[in-house]
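To start, the structure itself, in structure tokens.
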Amino acid sequence: MKKILLIIITLIACKIFAQSWQPLENQFPELSYIWKPYIDSGGNVWSTGLGRTEDHEYNYINYLNRSVDNGQTWEKISFPSDSLGFLVNVFPVDKDTFWLAFNSYESEPTTPIIYKTEDGGSTWLTYDPAISSFINGIHFFN
């Protein structure tokens, strides 16, 4: 009897704590890699993508999408730079304000740039972090 009860409790616990995944559409071109998702405290989601060639090599064209309805619909956001490079990090504050950490590969040495938008990506402010190495991310703590 104890074994049956233990099995039933285990099955119920597995169901309660199980994860389920739902695929969501995005606005990236077919020849791209979906890179990372970022979520703010309000449940808004950003996803980044990196372009690729037909031979599966990076072409360093970056893509950025945002969803403000838990991933049901996605909005393509214009990337603030025409430079080829690597978008390494998004730091979301709220649905309209977020920061990007970017490394341009079109200069020697690699030039890191920080971007910020406060209007959902319509306009961007550019910040020079005054370093001459690869920037790996941007985070803020209170």
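The values are calculated or read from the model by the stated rules, or taken from the named source; none is laboratory data. Source: prediction; values computed, not measured. Reconstructed Cβ throughout: ideal geometry from the backbone, glycine too, with neighbour counts over all protein chains shown. Keep in mind that these areas ignore ligands, DNA and RNA; they rest on the heavy atoms of the full protein, side chains included. Shrake-Rupley method; radii C 1.70, N 1.55, O 1.52, S 1.80 Å.
What the table below lists for this structure:
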| item | result |
| --- | --- |
| Subset of the range 1-33 (residues that are under 30 Å from Glu75 (Cα atoms) and open to solvent by 100 Å² or more (accessible area, probe 1.4 Å)) | Gln19, Ser20, Trp21, Gln22, Pro23, Glu25, Glu30 |
| Flag for Phe79 being out of contact with any Pro (no Cβ under 6 Å at 6 or more places or on another chain), crowded, with 17+ Cβ neighbours inside 10 Å, among the aromatic types (Phe, Trp, Tyr) and not in a strand (DSSP E or B) | yes |
| Complete set of residues in the range 46-58 that are farther than 14 Å from Gly121 by Cα and either surrounded by 13 or more Cβ atoms within 10 Å (Cβ to Cβ) or in contact with a His (Cβ under 7 Å, 6 or more places away or on another chain) (or both) | Gly49, Leu50, Gly51, Arg52, Tyr58 |
| First in the range 78-96 and touching a residue at least 12 places away in the same chain (Cβ under 8 Å), second anywhere and acidic (Asp, Glu) and open to solvent by less than 40 Å² (accessible area, probe 1.4 Å), Cβ under 8 Å, 6 or more apart | Pro92/Asp40; Val93/Asp40; Asp94/Asp40; Lys95/Asp40 |
| Test: residue in the range 13-32 that is outside any loop (DSSP other than H, G, I, E, B), under 18 Å from Ile114 (Cβ atoms) and in contact (Cβ under 8 Å) with a residue 24 or more places away in the chain | no |
| Residues located in the range 1-55, provided they are more than 18 Å from the chain's Cα centre (by Cα) and within 25 Å of Leu100 (Cα to Cα) | Thr53 |
| Residue in the range 59-68 that is open to solvent by 50 Å² or more (accessible area, probe 1.4 Å), farther than 21 Å from Asn136 by Cα, in a strand (DSSP E or B) and touching a Leu at 6+ places or on another chain (Cβ under 9 Å) present | no |
| Residue identified as open to solvent by less than 20 Å² (accessible area, probe 1.4 Å) and at pLDDT 90 or above among Phe102, Phe91 | Phe102 |
| Matching residues in the range 111-128 - criterion: being over 16 Å from the mean Cα position of the chain (by Cα) and either of a type in the set (A, V, I, L, M, F, W, C) or open to solvent by 40 Å² or more (accessible area, probe 1.4 Å) (or both) | Thr111, Ile113, Glu118, Asp119, Ser122, Thr123, Trp124, Leu125, Thr126, Tyr127, Asp128 |
